[in-house]
Every structure is written in structure tokens, then in C-alpha cells.
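Participant: Quick one: the structure is below, and I'll ask about it shortly.
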Amino acid sequence: MRRVIAIAAAAASLGGCSSFSFDYFKSAPTPVQVQLESSPPGADARTSIGPGCKTPCSVSVTPPDQGGFSVTYTLNKYQPATIQVQVMRNPGDLTTAATTTIDPSPVFAELQPMGPPPKAHKLRPRKPKAPAAATAPADPSPFPGPGAPAPTGR
């Protein structure tokens, strides 16, 4: 009987080890504040990872583990602009805390005004072409054309 209880206890303890992971020791990514600015101010800025606001403003984002994200700025009568943001993580160690840095900071976009709409070309009615004259002109030139007989007369 003791043997059965010992085997059951060992099996239960080994079963718990199979689901053990070091992910429990990783801290959850901390959100960072991202300052968004534009020229002219008042543009709608939206990050590719969710939050957005009207510039100048600040949003709190949880950056992705790898790579970065983008911020797209839109404003009426201005061309949209997209800025790429790089995320750099320093994992830290026993003596320093982990840090997350974004570049550029603040995220700034200079919006370009849209040009005037293209002018519509007015079509003018075409004048019909005159039919080509089939006969030679009535008053010939004083100079004979090629292949014309030489003038006679003295």
C-alpha cells in the first residue's frame, strides 16, 4: 500500500513539472508614452498598434516584442504621412532595470498641403478643314516649278 501511495505522489509531482515554463519569470511588457506632434497641429495621428489622438498629444502603447510600429497622420487638405518608429529594448540585469526606448521621440510629421486639383481642359470645337484644291492656282508664280517647260519668247 505504501508503494502505491509513493508512486501516485511521484507521478503527480512529475506531471506538474511537465507544465513548468520559464515564461512565468518574464515580466509583462510595460507600456511606454509616445509623444505625437505634427506641423500643422491638429492632425489625426493613429498608431499601427491601436491608439491614436489629435496632435499634439501623447498616447500609451505597449510596443511589440520585435520590430517597431508606424504612426499615420491625416488632416484635411494635406497629404497623409506615415512615420516608422523603432523600438529598442534593454533587458536589464540584476543591477539595472529593463528599459524600452523608441526612436524617433517625439514622433513628428510635417504634412504637405495638397496641390490644387488638376484643371479641366475645355474642349474647343474643331473647325472643319477646307477641301484641298485640285486645280493649280490661277496666277502662276513667275518662277516655273520643277519639270515645267522653259518659257519661250523673246
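Participant: List every residue whose amide H lies under 5 Å from the amide H of residue 58, counting only residues 5 or more places away in sequence or on a different chain, with H placed 1.01 Å from N in the peptide plane.
Facilitator: So residue 58 has HN proximity to 36.
Participant: Would you work out the relative contact order for region 27-110, in percent, from Cα pairs under 8 angstrom that are 6 or more residues apart?
Facilitator: Over region 27-110, the number comes to 30 percent.
Participant: Please get the size of the charge dipole for region 27-110, origin at its Cα centre, with Cβ charges of +1 on Lys and Arg and -1 on Asp and Glu, quoted in debye to the nearest 20.
Facilitator: Using only the charged Cβ atoms, the result is roughly 220 debye.
Participant: Amide H neighbours of residue 39 under 5 Å, counting only residues 5+ apart in sequence or on other chains, H built in-plane at 1.01 Å?
Facilitator: 109, 110, 111
Every number in this text was worked out from the coordinates using simple rules, so none of it is lab data. As the structure is a prediction and not an experimental result, all values here were calculated from the model. Don't worry about glycine lacking a Cβ; one is built from the backbone with ideal geometry, like all the others, and counts go over all protein chains shown.
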